[in-house]
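Okay, structure first, notes after.
The values are calculated or read from the model by the stated rules, or taken from the named source; none is laboratory data. Since the model is a prediction, treat every value here as computed from it, not as a measurement. Cβ atoms come from the backbone with ideal geometry, glycine included; neighbour counts cover every protein chain shown.
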DNA sequence: TTATAAGCGAGACGGTACGTCACGTCTTTAG
DNA sequence: CTAAAGACGTGACGTACCGTCTCGCTTATAA
């Protein structure tokens with residue numbers, strides 16, 4: 001970890017006074033774009049560093065200067081594209097849950113979204129993906145937590161013990177639907193997708209009644 | 001594809017009348033055993049055909065004569081070992097569901113079981129896995145269906161409309177637990193695992209009340 | 001040599017009462033035809049047993065039952081097609097030598113003929129070709145010997161000590177011409193080829209004068 | 001073919017301006033050494049790329065980066081070792097021819113030398129060998145030409161028209177002797193070999209008298 | 001101004017595995 | 001009881017990536 005693959009130098013405090021040529025800030029984005037295209041066109045298994053370097057018009061050394069290995073770049077390129085699905089606030093618990101569930105389902109039905117799921121799945125066996133998987137899980141958990149916090153603030157009567165299992169069921173149900181359906185056969189319409197989510201939410205919400 | 005990689009010659013009718021040396025039936029099992037060991041020891045990513053051939057004391061050509069490629073063999077070796085988790089009959093709906101859920105969770109926490117899950121996940125993007133994924137889904141669906149059939153036969157009052165969503169939630173909840181937990185950190189004890197499943201089942205069973 | 005790869009069962013005397021399934025009499029010719037085609041189309045290096053078997057519509061064991069190995073079949077298929085070039089009798093030594101030389105040159109410029117030469121060349125390093133090479137050398141030597149025998153019978157005055165070296169030079173010169181020329185660039189005409197041989201013969205014949 | 005397997009970058013003018021890591025000049029020699037050893041120990045047929053790579057301590061990709069295929073490397077390694085047989089200057093035409101012929105015969109009786117001959121023979125049917133064959137032929141032709149040039153400079157009386165056929169006969173005769181003799185049965189002694197060449201030269205030299 | 005440090009594109013390098021292909025053997029059933 | 005069919009063990013082929021390395025630059029800070 002000693003200065004190699006440092007990416008989140010972040011902090012404006014360290015204004016960076018290191019000698020030597022600074023990293024090309026444009027290259028970073030070109031590489032991530034190339035990587036996500038490589039991923040979308042060829043899939044995770046056939047995603048290659050040589051391919052990304054060629055697409056980005058960049059030497060392989062530049063890739064390995066910034067990312068430790070293939071997995072790291074693959075993960076980051078996918079993560080960079082995974083749009084935020086957490087922003088949800090409809091004014092009611094039911095509305096929020098429907099929105100959340102619909103967002104998740106829609107997200108998982110896109111290549112990039114599904115890729116984040118696959119990364120989570122692979123993370124169980126591949127430590128390289130562990131951190132991203134944790135981060136993604138964190139984001140989903142956080143979103144759910146916010147929804148229920150707001151419900152509490154509004155004074156809704158909720159069986160607190162049921163919250164976690166219900167979220168688990170909701171997310172799980174969405175996952176099952178994606179697996180059963182596949183990327184190839186998306187829902188007929190966006191409203192069809194929403195309807196499906198609505199009925200699931202309406203069903204499990206009964207479990208929240210104290 | 002005609003006649004190549006034919007594996008399910010099936011039909012006892014055609015007792016095999018093809019001339020020439022028949023495929024060694026023992027080799028088949030030796031290869032699958034070697035393959036599953038290769039898989040368990042080295043993981044899916046480092047699973048190699050040369051390794052399997054060496055372990056099985058078999059030529060690579062024999063492998064490629066029977067399986068189209070690395071993925072096909074990997075999938076089949078895993079599938080061959082995925083023990084039947086469907087056999088469930090405790091006498092009550094609640095008992096059956098708990099048993100079913102516990103079996104599934106325990107299965108998914110083993111390397112082979114988790115591999116079948118990964119195959120299902122990959123199948124969404126990789127047509128090569130489609131058939132196996134369908135077969136696995138079929139087996140799970142069948143098991144659940146049997147449980148509810150028996151409940152109906154016993155005269156249990158069930159909200160039929162809720163059956164499918166409930167199963168979806170149950171299986172989904174188990175999946176979520178596996179993903180959140182990882183293979184590395186199994187449950188403290190088998191009873192701990194069972195307790196967890198019991199509470200989940202008890203929760204969602206409320207949705208089946210008419 | 002004990003009954004394996006027996007090929008010249010010949011002699012009608014042995015009417016053949018050997019037990020067991022008789023050999024398919026048609027197979028032999030079909031195989032040789034397939035072999036020479038395989039050879040002509042793909043060359044000696046890419047000549048394969050599987051290819052011959054496929055062309056002949058025959059199992060590989062049928063090949064190995066009759067020929068010891070790839071080389072044996074290759075050699076025999078070529079030898080079976082190498083037309084006799086020895087028959088020469090023009091009435092004069094000069095005429096005979098010109099005829100002999102021309103025949104040889106023409107033969108070596110054909111694929112099959114050149115192949116016999118290559119076999120001779122390979123025989124130096126590959127014992128499998130030894131016998132054929134010897135047989136071929138024998139035939140050439142025999143032809144030359146006959147020519148000079150007839151010359152002596154006609155009473156021609158010949159420096160006997162020069163005969164062998166002259167034949168060596170003649171055959172060698174023809175070989176050199178083939179190597180310098182290549183199969184791809186044959187002589188403009190057949191008479192051109194004959195002219196070339198005539199002048200060479202006329203030159204070296206001076207060495208035969210006592 | 002543009003720039004791939006380029007080996008004779010030659011021209012000192014272009015001091016090498018190609019970007020990227022330059023090819024290791026040491027590796028080249030290591031590979032050729034390994035290759036010639038592989039060839040001498042195992043013969044042309046059992047000469048393998050993996051073997052060469054292992055001997056040279058080099059990856060296979062490095063081999064294929066420089067040589068198009070097995071044959072190309074085999075040919076080049078042999079060519080690199082084919083010692084110069086052209087350097088001949090005894091002070092007389094007869095001496096030069098004897099020396100030249102003896103050198104050639106001795107060369108062809110060694111594995112590497114005979115291999116160059118086989119390459120020439122194969123070149124007739126295999127375009128891949130064409131260039132090497134031409135180069136080798138060129139070298140032999142050049143050596144012969146020099147010998148006769150010096151003879152002319154010394155004022156020897158020579159029938160110019162006979163020069164080419166005589167050289168053809170000499171080289172051809174040597175070739176015939178090698179073919180008749182084989183690598184396995186070398187001459188009893190080096191002087192035996194020289195005697196043989198001397199008598200052949202003495203014979204054909206008569207043809208050079210005007 | 002000059003020296004030193006690092007980034008960069010290019011591509012060679014040592015490896016490892018892939019999937020193919022051919023050889024010559026072995027194990028069946030066919031005749 | 002041999003012939004024929006074709007699966008088998010072996011092992012090399014040529015390709016594709018991996019992650020590292022070495023070049024000759026370019027671009028910055030430090031002396």
Residue hits (the stretch B:178-204; in contact with a helix residue (DSSP H, G or I) (Cβ under 9 Å, 6 or more places away or on another chain), more than 7 Å from every other protein chain (Cβ to nearest Cβ) and modelled with pLDDT of 90 or more) are B:178, B:193, B:194, B:196, B:197, B:198, B:199, B:201, B:202
Taking the stretch D:20-51 and keeping only residues that are over 19 Å from the mean Cα position of the chain (by Cα), more than 12 Å from residue D:62 (Cβ to Cβ), assigned to a helix (DSSP H, G or I) and within 11 Å of DNA strand F (Cβ to nearest atom), one is left with D:25, D:42, D:50, D:51
Given the options D:72, D:80, D:87, name the one that is within 24 Å of residue D:133 (Cα to Cα) and within 11 Å of DNA strand F (Cβ to nearest atom). D:72
In this structure, does residue B:61 turn out to be out of contact with any strand residue (DSSP E or B) (no Cβ under 9 Å at 6 or more places or on another chain) and not assigned by TED's automatic domain parsing to the domain that holds residue B:149? yes
Would you mention how many residues in the stretch D:136-172 are in a helix (DSSP H, G or I) and touching a residue at least 40 places away in the same chain (Cβ under 8 Å)? 17
Which numbered condition residue A:97 fails, given (1) more than 14 Å from every other protein chain (Cβ to nearest Cβ); (2) at pLDDT 95 or above; (3) more than 13 Å from DNA strand E (Cβ to nearest atom): (1)
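Evaluate the following for residue A:175: is it part of a helix (DSSP H, G or I), facing chain B (nearest Cβ under 8 Å), surrounded by 21 or more Cβ atoms within 10 Å (Cβ to Cβ) and under 17 Å from the mean Cα position of the chain (by Cα)?
Working: part of a helix (DSSP H, G or I): yes; facing chain B (nearest Cβ under 8 Å): yes; surrounded by 21 or more Cβ atoms within 10 Å (Cβ to Cβ): yes; under 17 Å from the mean Cα position of the chain (by Cα): yes.
Answer is yes for this residue.
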Only one residue in A:107, A:39 is farther than 19 Å from residue A:139 by Cβ, away from DNA strand E (no atom under 16 Å from the Cβ) and in contact with a helix residue (DSSP H, G or I) (Cβ under 8 Å, 6 or more places away or on another chain), so which one is that? A:39
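Does residue A:132 satisfy being more than 9 Å from chain B (Cβ to nearest Cβ) and modelled with pLDDT of 95 or more?
No: the conditions fail for residue A:132.
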So residue A:69 clears everything in (1) more than 14 Å from chain B (Cβ to nearest Cβ); (2) within 14 Å of DNA strand E (Cβ to nearest atom); (3) surrounded by fewer than 17 Cβ atoms within 10 Å (Cβ to Cβ) except one condition, right? Which one? (1)
If you check A:111, A:127, which single one turns out to be facing chain B (nearest Cβ under 10 Å) and more than 14 Å from the chain's Cα centre (by Cα)? A:127
Conditions (1) at the interface with chain A (Cβ under 10 Å from one of its Cβ atoms); (2) closer than 30 Å to residue A:130 by Cβ; (3) under 20 Å from the mean Cα position of the chain (by Cα): number failed by residue B:141: (2)
Among the residues of the stretch D:91-110, are any under 23 Å from residue C:43 (Cβ atoms), in a helix (DSSP H, G or I) and assigned by TED's automatic domain parsing to the domain that holds residue D:180? no
Give the residue that is nearest to residue B:20 (Cα to Cα), with candidates limited to residues of the stretch C:57-81 that are in a loop (DSSP other than H, G, I, E, B) and without any contact (Cβ under 8 Å) to a residue 40 or more places away in the chain. C:59
